[in-house]
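Taking it in order: structure first as structure tokens, then the write-up.
The values are calculated or read from the model by the stated rules, or taken from the named source; none is laboratory data. Please read these numbers as outputs of a predicted model, since none were measured by experiment. We place every Cβ from the backbone using ideal geometry, glycine too, and count neighbours over all the protein chains shown. Note: areas computed on protein heavy atoms with side chains; ligands, DNA, RNA excluded. Shrake-Rupley method; radii C 1.70, N 1.55, O 1.52, S 1.80 Å.
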Amino acid sequence: MTTDLDPDVEHRGDAPSAPGSARPEETLLALAARGVPLVLAGALLGGAPGALVALLGVLGTARRSTAPVTVAAALLVLGAAVATMVEAPLSRQALSSSFADQRPVAAACATAAGILLLVVAVTLTLRLPRPATPAGGRDGSSDPAGTAAAPWTARLAGVAAPLALGVAALVVLGLTAPAPPLATREVATQVRLGTGWGRVVNGTVRTDATSPPLPVALTAVAPGPTRWWTAAAGVAAMALVAATVARRTGARTALVAGGATGVVLVVARADLAACLAAALVAATVALGDPETRTTGRAALAGAAFGAACLCLPAAIFLLPVLAAALALHPRTGEVSVGQGAAAVGAALVVWAPWQRWVLDRASTWAPAASLVVPASVVVAGLAPLVVVAVALAVSGRRAATEDEATPTPAA
């Protein structure tokens, strides 16, 4: 009886690795590295019960298939559907943001199902087989037989610095992040209560379209303290900046760039709108990298920019700059009209519905008495652009200096 896997059969991501795959079995350290972020995500989504559900999901997928956890999530979705119809009568008036508050069992089942599906998605992504990298021999040739998995201490050393920086940034941003502006909190309160998008004036809820919609929506629906969602957005901005820089430079420069982005956010006293804008601008930069950009990635970059405009409405005036940046390759000078058009179209798809709603309710494009551009949001939004540009410029100058210092061999 042979134990070789049939090369013609497609294997699942959580099945045992095929010969030639470099994915090792999940060790206790790998389980902790996968489980701790998932438990923290569960706590953000569902508090202490959410953290417990995430922990059970992580333990349920430890060194075994994700199928049982997936089935449990499906059953929870079914339970949420049944409870939705049983707990409270369905009516047009009930379809508001208080819908879930009237159905605690359905809401709890749906939240638990979402957390378990997040665990399954992350687990399957991490378990995708990766091809082994052959080790180089002394003569420079590759020797597949000499391929060996790196020890766990080396793998830990590679992720220790970024992980420590991310945790430190999460704590610092969470403790220092200011609360959203009063107008944002008042509108978010009415949205949460299901009374409309507005503020209470003389006992009546009046429509208010002056606050950026994305921070209002997140403040209204996100569980837990807002400052930790602010910190999570800031850490996401740092990670995206570091990933963008790492494509062109070394890991050390990328780590410094991520840390510099976090320092700017802390010094600028970035609130939820500012950190969201920073993360979305960083996503725009990462997706719009000219070396890896396709029409699809350009469209995603435009969508991220459109979402950033929902945090800082004045940024929409930079749409022509976005179109030019995503249509022109800075190194080769090649022009791709399709990529620029895809970016502009995606940005408008994300941004235009809100602006249309504002125009219908306020009969003007800018309902505020004067155009107010918060300095913290501007600084946070520009931080990823500036940090990436400086990091790449310094790295390029350093590489040029090293090339000049390298002696040219005599003919």
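Couple of notes before you dig in:
- Screening VAL337, VAL358, VAL379 for residues that are over 23 Å from the mean Cα position of the chain (by Cα) and either at pLDDT 90 or above or crowded, with 18+ Cβ neighbours inside 10 Å (or both) leaves exactly one candidate, VAL358.
Conditions tested, residue by residue: (1) in a loop (DSSP other than H, G, I, E, B); (2) at pLDDT below 75; (3) under 30 Å from GLY196 (Cα atoms); (4) among the acidic types (Asp, Glu).
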site: ALA18; (1), (2), (3), (4): yes, yes, no, no
site: PRO24; (1), (2), (3), (4): yes, yes, no, no
site: ALA32; (1), (2), (3), (4): no, no, no, no
site: VAL36; (1), (2), (3), (4): no, no, no, no
site: LEU44; (1), (2), (3), (4): no, no, yes, no
site: ALA54; (1), (2), (3), (4): no, no, no, no
site: LEU75; (1), (2), (3), (4): no, no, no, no
site: MET85; (1), (2), (3), (4): no, no, yes, no
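- When the range 281-291 is filtered for residues that are in contact (Cβ under 8 Å) with a residue 60 or more places away in the chain and either outside any helix (DSSP H, G or I) or open to solvent by 20 Å² or more (accessible area, probe 1.4 Å) (or both), the ones remaining, listed by number, are VAL281, VAL285.
- Residue count for the range 172-190 satisfying the condition of being surrounded by 13 or more Cβ atoms within 10 Å (Cβ to Cβ), hydrophobic (A, V, I, L, M, F, W, C) and in a helix (DSSP H, G or I): 5.
- Some residue of the range 246-253 being in contact with a Leu (Cβ under 9 Å, 6 or more places away or on another chain), surrounded by 21 or more Cβ atoms within 10 Å (Cβ to Cβ) and touching a residue at least 24 places away in the same chain (Cβ under 8 Å): no
- Close contacts from the range 34-60, counting a first residue that is touching a residue at least 12 places away in the same chain (Cβ under 8 Å) and a second that is outside any helix (DSSP H, G or I) and surrounded by fewer than 19 Cβ atoms within 10 Å (Cβ to Cβ), with Cβ to Cβ under 6 Å and a gap of 6+ residues or different chains, come to LEU44/GLY224.
- Counting only residues that are among the hydroxyl-bearing types (Ser, Thr, Tyr) and in a helix (DSSP H, G or I), the range 292-321 holds 1 of them.
- Residue in the range 223-245 that is without any contact (Cβ under 8 Å) to a residue 24 or more places away in the chain, β-branched (Val, Ile, Thr), assigned to a helix (DSSP H, G or I) and closer than 20 Å to ALA164 by Cβ present: no
- Checking ALA257 against (1) more than 21 Å from LEU310 (Cβ to Cβ); (2) over 18 Å from the mean Cα position of the chain (by Cα); (3) not aromatic (Phe, Trp, Tyr), the condition it does not meet: (2)
- The set of residues in the range 277-315 that are among the acidic types (Asp, Glu) and in contact with a helix residue (DSSP H, G or I) (Cβ under 8 Å, 6 or more places away or on another chain) contains only ASP289.
- Across the range 313-331, the number of residues qualifying as open to solvent by 80 Å² or more (accessible area, probe 1.4 Å) and of a type in the set (Val, Ile, Thr) comes to 1.
- Yes/no for LEU265 being surrounded by 24 or more Cβ atoms within 10 Å (Cβ to Cβ), within 20 Å of ALA346 (Cβ to Cβ) and not aromatic (Phe, Trp, Tyr): no
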